[in-house]
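All remarks here apply to the structure that follows.
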Amino acid sequence: MKLTKGMKKALSLLLSAAMVVTGVNVTTNAANAADEVPSFTWCNQYVGWVDAQTEVVLSKGDAEYTVEVDGAAGNTGFTNFGFVAQDKTSPLGIVVKSIIVNGTKFDTDWTIDIKSDTKNGMYNIWNNKITKGEKVYVNGENDIFFDADGNGLSYRENGEVKNIETLSYVFDVTNTGYTPVESTEPSEDPTTETPAVTEPAKVTTIPAVTTAPSAEPTEAPTDPPAKPAPADLDKGHQACLMFTDSNWNWGCWNTNKGEDAVVTGNGTYTVSIKKSDFKSTDVAEPAKGATVFCVDIYGLCNSDKMDASKAAISNVIIKTDDKVFKADETKMYEGDIEGKGNYRLEICNQYGWDKTGDFVTKEEFDPNGEFGFEESLSVTFTVTGIQEGKTPEKAFLTTDAEGNELSVVSAVGVRAAEAAKITPAPKATAKAPVAKTATPAGVKTATPAAVSTKSVLGTSKLTTAKKMVVVAPGKSVKVGFKATAAKNTSGAAIVKATTASKKVATVKVNGKKVTIKVPKKAVKGASTTVTLKSTKANGKAISAKIKVYVRNSAKKVKAAKKAITVKKGKTAKLVIKASKVQNKKKAFVDTITVKGKVLKLTNVKYAKGKATLTLKGAKKAKKKAVTIKVGSKKVKVKATVK
């Protein structure tokens, strides 16, 4: 018997209900005792009838919760965005504020009615509230799309369907009837800080009904004991590393998890984490990518131990497994980003600062997807601008055009330039350790009298080995480029590449070359522009362009004239006529080279049925035979260079 879509949905919900019998709780659990923490179970359904359930423990009572679904990785799309099994007795109020897929946040504001059997979930492929072939949620160039065939809801980046790697939900829960015990955990605000401070909720998959455990369960791994606060904390402010990778592993959200430092004045400090700081289950795989990567200096913006109103961070050095990872610190933010009095260095944050800056760190950090480590991660940074006295009230607040207060936040390097003009405060005392970990070789720990401009990366010139390439469908080509470091900087800034049309060409930077790949289905004769971008020392953009053509060859080619005359150092035009072109609707395109030293090819302009060559006289000659190679064919002309 063939199941209809309605029967499939009913069967899926029936299976969810049956899970209670097999040991999986899919109902809500409001607090009914003083010591009982309420919870509810969030159910997901993916393409291919893959189900997963996540228990959301409401340990904070009425509050906002961000929960990652571990079982989402590898799925191709949704059949149901999620639901809670109907519970007519539950008082819980649940609003799904947003869905976060592969780091892209989609605002939903969807109210879940637990007592209803039709309003207890979000969009699914069976209801008539969404239309096939249209976008359901959109954030910039990314979206969630209802497939035209109605089989699933797909996540897309720039129109290209991507598998789900990470999936999180932001819930606003009320009517829990539970008052949490006092906690020292920081509050959650996914727009400016880590979306979840507690361990991510674990997914419970459907267990086999007839299979019993074959061995005694192993004891759950425990957290390593918390490390004591650093010495001399009374003289300064504790700095710690905040980090989790793209899979939400290696999570360090609080002080004393790794090796912290105490900022006691102007100087160089290091914070770090290593594998032994975590439960083995949290670091079973090497860290890959970064969802949150920051350094927090607690209480510095409200300090009564020093005047930090002009504080600045520079000379940021990132080390993965004791090797320097190159990153552009001018594309990082610093300041009281959360508005809580903590001075933050935001290296990369999927939920980070985007209110007044001209970039977002999640797009600038690690553009080539190379960041990761197996054993350790450290950040070394220099603090300047600290003065004696106390930090004035509201030193890190400003107002916008409408008079609304905003936190003082700027790109790294801006405040350091101002701090360089200030007479430095006395150095940190020798007895106060600036960091528990060893300072990387080559980094000076003495307090600088002024900030060197070499703390900034900058590119003064960006050039490419070729300005034009012809690539056949399904093939790729590598083009070298050179980024020249600007004067008085520590090196050239990172180079990124973009394409005007992914249907014509895709790009990827690897080292000092950019790989340009043309899809198999690209239209022959089509063209696009690849742009390489970097940043000058003053923060302004610098770019270089490569014209990309999709090969559209011809069976026959010939020169419009048999001879060409040109003065040495000057140019002349020569037309190559093409017939029986593969795609007659588009321009004729093929690789063209000129043999010998008499003429030099300086430019080619492609059009329907022809290519116009610009040839420069390079060496004096009289009626010299010159071979012009057009694809696999050859054309000969007589060249005279005067």
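The values are calculated or read from the model by the stated rules, or taken from the named source; none is laboratory data. As the structure is a prediction and not an experimental result, all values here were calculated from the model. Positions of Cβ are generated from backbone atoms using ideal geometry, with glycine treated the same way; all protein chains shown enter the neighbour counts. With ligands, DNA and RNA removed, areas are computed over all heavy atoms of the protein, side chains included. Shrake-Rupley method; radii C 1.70, N 1.55, O 1.52, S 1.80 Å.
Roll a 1.4 Å probe over the protein chains and send me the accessible area per residue for segment 553-642 in Å². Write out the running numbers ahead of the final one.
Details: 5670 Å² over 90 residues.
Heavy-atom accessible area per residue stands at 63 Å².
Please report the carbon-and-sulfur percent of the accessible area for segment 104-148; probe 1.4 Å, protein heavy atoms only, DNA, RNA and ligands left out. Mind showing how you got there, number by number?
Working: 980 of 2530 Å².
That fraction is 39 percent.
Once you've got the Cα coordinates, tell me which of Lys547/Lys608; Lys513/Lys556; Lys556/Lys597; Lys561/Lys608 are over 23 Å apart. Can you show the working numbers first?
Values: Lys547/Lys608 18 Å; Lys513/Lys556 34 Å; Lys556/Lys597 26 Å; Lys561/Lys608 18 Å.
Among Lys547/Lys608; Lys513/Lys556; Lys556/Lys597; Lys561/Lys608, the Cα-Cα distance tops 23 Å for Lys513/Lys556; Lys556/Lys597.
Charges on Cβ only, +1 for Lys and Arg, -1 for Asp and Glu, centred on the Cα centroid of segment 501-637; of Ile516, Tyr606, Val575, which one is farthest towards the dipole's positive end?
Among Ile516, Tyr606, Val575, the one farthest towards the positive end of the dipole of segment 501-637 is Val575.
Give the peptides 112-121, 75-84 in descending order of average Cβ contacts within 10 Å, highest first. Please report the intermediate quantities before stating the final value.
On the way: 112-121: 16.1, 75-84: 22.2.
Most protected by this proxy first, the peptides run 75-84, 112-121.
For a quick check: with amide H placed at 1.01 Å from N, whose amide H comes under 5 Å from Met468's, ignoring anything fewer than 5 positions away on the same chain?
When sequence neighbours closer than 5 places are left aside, the close amide H contacts are Lys547.
Beyond 20 Å, what share of the Cα-Cα pairs of segment 535-642 is found? Please give it as a whole percent.
Details: 2547 of 5778 pairs.
The share of Cα pairs beyond 20 Å in segment 535-642 comes to 44 percent.
So, for segment 68-139, what is the accessible surface per residue at a probe of 1.4 Å, expressed in square angstrom? Write down the numbers at each step before the final one.
On the way: 3160 Å² over 72 residues.
Solvent-accessible surface per residue comes out at 44 Å².
What dipole magnitude, in Debye to the nearest 20, does segment 355-401 give about its Cα centre under +1 on Lys/Arg Cβ and -1 on Asp/Glu Cβ? Don't jump to the answer; show the numbers that get you there.
Values: 4 positive and 10 negative charges, 81 e Å.
Dipole magnitude for segment 355-401 comes out near 380 debye.
Ranking request for peptides 102-110, 299-307: highest mean number of other beta-carbon atoms within 10 Å first, then the rest in descending order.
Details: 102-110: 16.7, 299-307: 20.2.
Highest mean packing first, the order is 299-307, 102-110.
What number, in percent, do you get for the relative contact order of segment 531-642 if the mean sequence gap of Cα pairs under 8 Å and at least 6 apart is divided by its residue count? Don't skip to the end; give the middle numbers.
Working: 271 pairs, mean separation 30.4, N = 112.
Relative CO of segment 531-642 lands at 27 percent.
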